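J.: Here it is: the structure, laid out below.
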Amino acid sequence: MYSFVGMKTEERVIANSTVHNIILEENNLLEEVVVTAYGVERKNTYSASVSAVLKGEVSGINVKENENSNISIRGASSISSSTKPLYVVNGELVDGNPKLSPNEIASMYVIKDEDGQKIYGSRAANGVIVITTHEAKSKDEKNIEAFEAMVEGKIELKGWNPDTPYLKELKKIQNTNEAFSKYLELRVKYSNAPSFYIDVADFFKERNQEEKAIQVLSNVAEIELDNYELLRSLAYKFEEYKMYSSAIHMYKQIVELRPEDIQSYRDLALVYEDIGEYQKAVDLLYQIVNGEFVDKDEDRRYEGIETVALFELNKIRRKYKEKLKTNHFDKRLVKDVALDLVVTVDWNHNDTDIDLWVTDPNGEECSYKHSQTKIGGYITNDMTEGFGPEAFMLKKAIKGKYTFEVDYYSSSEQKISGPTTLKVTIYKNYGKVNEVKEVKVIRLSNKDDEIEIGNIIF
């Protein structure tokens, strides 16, 4: 299949090793585009071909517009044989290839061949593609939840449970070396569950055995994942443990899986700063700030991310100005940024609403309901979709205690991705030579939680 934006897609059968040149015709589907100060605004909706590359026996998903303005979803086939997967739509197994309007699909993920067979037997030898539509999210919620619960019970890629059997076994062992040997034994059974490595790493860290915790986390690289939410959760953990090379590896995979998410590029940029790749960091952040990535965010889930990225861009520029080439930056976007306190929160689940609240020493709360305080505290745009970020910024801190909380309202994501993971980054002396940065990763296991996530004293 040959495709390019603005051209008609052509399909050819490969009969031998020779592939002839293909000339694509214009399709005149590109709509009028209005250029604004910070990005691009689409006048009309425009559909194009989409391809999600997967691993395992299901080699790909092609979403192809047909003559009836529907899309046909099918597992990609090899030249010599067919590899058709099973399909589950809104918790129900369907016959053949489902045909849906492009706007109907809310989410789609893959259960690979081996795990799929634990649920449907040999019929799932080529994997299972699970689709949820927007309408079913509210009308068929019980059906979807029942399917997800069944999946959790049958495959090892399941959500986090604080009473997991492996943690109970490890906690019984007092000797650290014996506990590590037990981990190696348990790993055979739980090797496919990313939450297993995260939980065990935290177990050793709580025992002040950070070297062993890092060793456990390094084993995550052995898992082949194409679930971007799990990858983001793992990347957060790598950041917390200062395993920046591993975090970059994860974030690069996420960018490949989710190029439409502006957050993916911001995540990668911030870790580039951590390893000293300052130019790569500012270049990515500048693309967010000047609107180059705006057209990727068709659903406008990241409106407001430019504000946070602008501060981060100028913070790096201020600290490492002599090492950077920024002459090509729009001078209107170049500011001198130095703040006493910055707190940012990011999360790994899409379509999740998390709100940051900060209470200053005067007892005044700063939140989306009250975005500016008397001492100059400021909360950025309220992110009700996507993955954040939300940030609190304060130029001049007064003496006393600052308390940080989050309100976790809801998440409609598949339980196969585990609980929502929250990354909290606290900066003291933001943009200054004595800047201090701390990353904390928290699991949010219940809906409608109000959680105190930390505090700092000036």
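J.: Among the residues in region 327-336, are any at negative phi, part of a strand (DSSP E or B) and surrounded by 15 or more Cβ atoms within 10 Å (Cβ to Cβ)?
T.: At the first step, the residues of region 327-336 found to be at negative phi are 327-336.
Keeping just the survivors that are part of a strand (DSSP E or B) gives none.
No; the residues of region 327-336 include none that is at negative phi, part of a strand (DSSP E or B) and surrounded by 15 or more Cβ atoms within 10 Å (Cβ to Cβ).
J.: Separate question: Would region 191-200 turn up any residue that is under 19 Å from Leu231 (Cα atoms), modelled with pLDDT under 70 and either aromatic (Phe, Trp, Tyr) or outside the structural domain of Glu92 (by TED's automatic domain parsing) (or both)? If you could, list the steps in order and put the result at the bottom.
T.: If we filter region 191-200 for residues that are under 19 Å from Leu231 (Cα atoms), which is where we start, we get 191-200.
So of that shortlist, the ones also modelled with pLDDT under 70 come out as 192.
Okay, now just the ones that are also either aromatic (Phe, Trp, Tyr) or outside the structural domain of Glu92 (by TED's automatic domain parsing) (or both), so 192.
Among the residues of region 191-200, at least one is under 19 Å from Leu231 (Cα atoms), modelled with pLDDT under 70 and either aromatic (Phe, Trp, Tyr) or outside the structural domain of Glu92 (by TED's automatic domain parsing) (or both), which makes the answer yes.
J.: Would you be able to tell me the number of residues in region 146-190 that are part of a loop (DSSP other than H, G, I, E, B), over 25 Å from Met250 (Cα atoms) and either aromatic (Phe, Trp, Tyr) or modelled with pLDDT of 85 or more (or both)?
T.: So the answer is 4.
The values are calculated or read from the model by the stated rules, or taken from the named source; none is laboratory data. All values reported here derive from a predicted model rather than from experimental measurement. In this analysis, Cβ positions are derived from the backbone assuming ideal geometry, glycine residues included, and neighbour counts consider all displayed protein chains.
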